[in-house]
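**Q** Structure incoming, see below.
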Amino acid sequence: MTWTPNADALRGRVAVVAGATRGAGRGIAAALGEAGATVICTGRSSSTGILQSDYPRSETIEETATLVDEVGGIGIPIAVDHLKSTQVAHLAERLRADFGHIDILVNDIWGAELLKGGPEEWNTPVWEHDLDRGFQILRLALDTHIITSHHLLPLMIDRPGGLVVEMTDGTTEYNASNYRISVFYDLAKVSVNRLAYSQGHELAPFGCTAVALTPGWLRSEMMLDNFVVTESDWRKALDPEREGPTAPPDFARSESPRFVGRAVAALAADPERARWNQRSASSGELGVEYGFTDVDGTRPDFWRTA
């Protein structure tokens, strides 16, 4: 039987996807919309042009909010720089006035893809790494998440059942025994996993849950552009005979952003989600647990054999 999302699983729930412009954030916002949620889509890339993104790209939070509407939810775009505490505080004030409470917070803010560099820059030792770039990677990965939780979690802990999802790259188990690109990137991704653990400790007395979640090899807009393919023809990147860059064989096990989004939606809809508190999970692991599939009907599980 073909899996389809439950259009009412999260009807009436209010979710904030911080960093919803593109990639995993857009996929998560859309999947929450598939389940009927009201999704606040935040980020710096806005059609209003009031904030400056680190990426010279065309995607906007308004496009993400429209996608949420199209798949059955309610999308609300709000331009926010999550490095600016005052801006996130104003976001919290607006959400308190408009909704009084939030049920789901997804900390997906990143913005350091260009700073971490391409493969030719990986494995640069800390004594040769640019310090300003390195510290900015940490700010974008950690400060943004902590600032956002600081201001928004008071809107969640007033009642039990809330869910915080900390988005990272790599499970706790994998990152504990594998060096990840550079000292700064490595520290960023390990720290976000730990951030879910520590927040889970603090949230448990309020009946709320925090989980660290990683996608597998994500077919983000930037990744598709790197291989000069689209979501509809991405497998062409595996063909060594074609013109253009060829993807490594592991790209065959990649996933669309919607897959990890459906992992978030499944967690949020699970009445026993507290069993995941303080844990690190992958989209593939949760796909097996909850039975959802990617948009093409597959169920990739990248980290199981990584």
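**Q** Counting only residues 5 or more places away or on other chains, whose amide H sits under 5 Å from the amide H of Gly75 once H atoms are built in the peptide plane?
**A** Correct list: Val39, Asp69.
**Q** Let me ask something else about it. Could you rank the peptides 208-215, 111-118 by their average count of other C-beta atoms within 10 Å per residue, with the highest value first?
**A** On the way: 208-215: 26.9, 111-118: 17.2.
Descending packing order for the listed peptides: 208-215, 111-118.
**Q** Could you give the length gained by full extension between Met222 and Asp296, i.e. 0.36 nm per residue of separation minus their alpha carbon distance, to one decimal place?
**A** Answer, rounded to one decimal: 24.7 nm.
**Q** So who's got an amide H within less than 5 Å of the one on Ala281, skipping anything under 5 residues away but keeping other chains? H placed 1.01 Å off N, in plane.
**A** For Ala281, the qualifying residues are Ala212, Leu213, Thr214.
**Q** Could you go through segment 67-84 in sequence order and give the Karplus-derived ³J(HN,Hα) for each residue, using 6.51 cos²θ - 1.76 cosθ + 1.60 with θ = phi - 60°, rounded to whole Hz, and x for Gly and Pro?
**A** Values per residue, Gly and Pro as x: 4, 4, 4, 5, 9, x, x, 10, x, 10, x, 9, 6, 8, 9, 6, 7, 9 Hz.
**Q** With 10 angstrom as the radius, rank Asp301, Asp296, Asp169 by how many other C-beta atoms surround their C-beta, starting from the fewest. Please list the in-between numbers first.
**A** Numbers: Asp301 18, Asp296 15, Asp169 21.
Lowest to highest Cβ neighbour count: Asp296, Asp301, Asp169.
**Q** Taking the beta-carbon count within 10 Å as an exposure proxy, list Trp110, Trp234, Trp127 from fewest neighbours to most. List each step's numbers first, then the result.
**A** Numbers: Trp110 23, Trp234 19, Trp127 6.
By the 10 Å Cβ count, ascending: Trp127, Trp234, Trp110.
**Q** Next question, about the same structure. Measuring from label point to label point, each 7 Å out along Cα→Cβ, what is the Thr2 to Arg159 span in nm?
**A** Modelled inter-label distance: 3.6 nm.
**Q** What residues qualify as long-range amide H neighbours of Thr209, i.e. H under 5 Å apart, gap of 5 or more or another chain, H built at 1.01 Å from N?
**A** Gly162, Leu163, Val164
**Q** For the chain, what are Rg and Dmax over the alpha carbons, in angstrom?
**A** So, for the chain, Rg and Dmax equal 18.2, 58 Å respectively.
**Q** Sort Phe206, Phe302 by Cβ crowding within 10 Å, fewest neighbours at the top. Provide the component values of the computation, followed by the final result.
**A** Values: Phe206 15, Phe302 19.
The fewest-first ordering by Cβ neighbours comes to Phe206, Phe302.
**Q** So what's the gap between the Cα centers of segment 1-44 and segment 68-109, to the nearest angstrom?
**A** So the separation of the two Cα centres works out to 12 Å.
**Q** Let me ask another. Using a Cα-Cα cut-off of under 17 Å, which aspartates and glutamates could be cross-linked to Lys84, ignoring same-chain neighbours fewer than 8 residues away?
**A** The reachable aspartates and glutamates, counting only those whose Cα sits under 17 Å from Lys84, are Asp54, Glu93, Asp108, Asp143.
**Q** If you plug each phi of segment 244-259 into the Karplus form 6.51 cos²θ - 1.76 cosθ + 1.60 with θ = phi - 60°, what whole-Hz ³J(HN,Hα) values come out, in order, with x for Gly and Pro?
**A** x, x, 9, 7, x, x, 5, 5, 5, 9, 6, 9, 6, x, 5, 5
**Q** Now for a different question. Arg139 to Glu121: extension gain in nm, 0.36 nm per residue of separation minus the Cα-Cα distance?
**A** On the way: separation 18, 0.36 × 18 = 6.48 nm, distance 1.98 nm.
Roughly 4.5 nm would be gained on extension.
Each value in this text was obtained by applying a stated rule to the coordinates, not by laboratory testing. The shown structure was predicted, so the numbers you read here are calculated from the model rather than taken from an experiment. Glycine also receives a Cβ, built like all others from the backbone with ideal geometry; neighbour counts cover every protein chain displayed.
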